[in-house]
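Peer 1: Got a structure here, written out as structure tokens. Questions coming.
All of the numbers you see were taken from the coordinates with simple rules; none came from a lab. A quick note: this is a predicted structure, and the numbers were derived from the prediction, not measured. Ideal geometry is used to build each Cβ from the backbone, glycine not excepted, and the neighbour counts take in all protein chains shown.
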Amino acid sequence: MLTRAGSALLHCALALLVLGLTLGNYYLVLAAALPLFVWLGALGVPEPGPVAVERSLSPGRLHVGELLRVEVRVRARRGLGLLEVQCPVPEVFELVDGSNLHLLRKGLGALDASFAFTVRCTKRGSWDLEPVRVESVHGLGVRAPVRLTAGEAARFEVLPRLMGIGRIRAPPGHARLLFPEADHARTGVRTNEFLEIREYAWGDPVTSINWKATARQRSTEHFAAPPLVNEYEREGKKSVWLFVDAAPYMEVGSTAENVFERAVEAAGSVAKFYLDRGYRVGCYVYNGQDQLVHPDTGGRQFLRIRQVLTDLTPGQPGQGLRAAVERCRGFLIQGRPLVIVVTRLGADQAALTDGIRRLRVLTGGLRRRLPVIVLSPHARHAPSGTDYQVDALLRPLNRPHALQVRGMGAALIEWDPHRVNLATALLRGVR
């Protein structure tokens, strides 16, 4: 197809030719020959092609915030003109070095050019790099550019960012630590290591009764006092259960920087922290996502949880925390785990408090302090500048909700990733 310049040149030559033949003016005929020969000569010179494109990505596993380097090599053997080469990248990624759009000049010789650029992976998930888009522009501009795609689509995965959490110790003089690195499992095989003497509970085997301690107690106290049993350490450590809220109200903030992304990072970091220390960790995603990861230990369990968090997208709210607790009721009753709820404080306060009440029945009983932690990440609407004003406006609104959660016996950790790291926030939250 001809361009406007090519059509104008052809029309000019034809007009002069027709006018010269009509008037019998040979000078006009000779004048028409010049643009006609230029037009025919231009048609004989093709646009650059065939175009071969090779694209390579920097190897290695990528996490949120890390850099992806893309190298592109372009070859063209024939033709004359320009090549506009564009390598598409996801819109949410940040271009930090180089350019993904280049204009290459194809001369008389063969073209062999390469360029590279670097982008920052700002959001987790599975992403596709579309084939490279190439536009071949004719050297004299008489024919329309030829648009084509070269190369194959490349798929890569960006994993959630994991923040290192060191060993968290309880400061002296403060309450019981909610991150018990020495706690043992409620269920498991009993060892020979003596733990304590306690009162008999329904279901204890008769062989565990300490008859001497029971006789001494009944000789000094009421004869109807319950017998005493020996309690021994059990193999394994305490279980940890994660509830991750995936409702749309979690996406407060920008496309790449929002509460939901921070919640995914926090959940993955906490899971790795406990799994590295031998805990059994289970996970359930609620509110639009019915994804359950059965409790287990080891590196494979972390890979399962990480895969769920990597592919996680917000769904439609409606399930609520209470329904999620009922869905995992069997695991909660059997293991009496430390429960960590990752959600946005104040977004659906009624559902959150209703779920905590149900957790009290299943895990806490009548204890004043529940083995429940509510982790609420903050996110800014803008990366800098006036972003702190947003947090200043939300903090007074969330204060009554925070008091309500703490009043129910659960620990609340409000994490501002722009001010403190996750380990510091967890340490402050357990005091």
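Peer 1: Quick one: what are the phi-derived ³J(HN,Hα) couplings along the stretch 94-100, Karplus 6.51/-1.76/1.60 with θ = phi - 60°, whole Hz, x for glycine and proline?
Peer 2: 10, 7, 10, 8, x, 9, 8
Peer 1: Viscosity 0.692 mPa s, temperature 37 °C: what is the translational diffusion coefficient of the stretch 236-343 from Stokes-Einstein with a Kirkwood Rh over Cα pairs, rounded to a whole number of µm²/s?
Peer 2: In µm²/s, the coefficient rounds to 237.
Peer 1: Right, here's the next one. Would you mind ranking LEU412, LEU30 by Cβ crowding within 10 Å, fewest neighbours first?
Peer 2: So the residues, fewest neighbours to most, are LEU30, LEU412.
Peer 1: From the square roots a ≥ b ≥ c of the eigenvalues of the alpha-carbon gyration tensor of the stretch 49-159, which class results: rounded (a/c under 1.5), prolate (a/b over b/c), or oblate?
Peer 2: Prolate is the answer for the stretch 49-159, as a/c is 1.5 or above and a/b outweighs b/c.
Peer 1: I would also like to ask the following. So for the pair VAL45, LEU80, with labels modelled 7 Å out along Cα→Cβ, what separation do we get in nm?
Peer 2: Roughly 0.3 nm, to one decimal.
Peer 1: Does the stretch 60-122 classify as rounded, prolate or oblate by the C-alpha gyration tensor (a ≥ b ≥ c root eigenvalues; a/c under 1.5 gives rounded; else a/b over b/c gives prolate, otherwise oblate)?
Peer 2: Verdict is prolate for the stretch 60-122.
Peer 1: Scan the stretch 74-169 for GluC sites (Glu not before Pro) in coil per DSSP, keeping those whose Cβ has at most 15 other Cβ atoms within 10 Å, and list them by number.
Peer 2: Loop-located and lightly packed - GLU91, GLU152.
Peer 1: A further question follows. Would you mind computing, in nm to one decimal, how far apart the modelled labels at GLU94 and ALA8 are, each placed 7 Å from Cα along Cα→Cβ?
Peer 2: Each label point is offset 7 Å from its Cα along the Cβ direction, giving 4.5 nm.
Peer 1: Additional query: Take the alpha carbon gyration tensor of the stretch 298-366, find the square roots of its eigenvalues, order them as a ≥ b ≥ c, and report rounded if a/c is under 1.5; if not, report prolate when a/b exceeds b/c, else oblate.
Peer 2: oblate
Peer 1: Taking the alpha-carbon set of the stretch 284-330, what are its Rg and Dmax in Å?
Peer 2: Calculated on Cα positions, Rg and Dmax stand at 11.6, 33 Å.
Peer 1: For the stretch 239-429, what's the radius of gyration and Dmax over Cα atoms, in angstrom?
Peer 2: According to the Cα coordinates of the stretch 239-429, Rg and Dmax are 15.7, 49 Å.
Peer 1: If you find the alpha carbon centre of the stretch 55-115 and of the stretch 306-370, how far apart are they in angstrom?
Peer 2: Here the answer is 47 Å between Cα centres.
Peer 1: Could you list the trypsin sites (Lys or Arg not before Pro) in the stretch 35-90 that lie in coil according to DSSP, counting only those with at most 14 other Cβ atoms within 10 Å of their Cβ?
Peer 2: Of the trypsin sites (Lys or Arg not before Pro), the ones in loops of the stretch 35-90 whose Cβ has at most 14 other Cβ atoms within 10 Å are ARG61.
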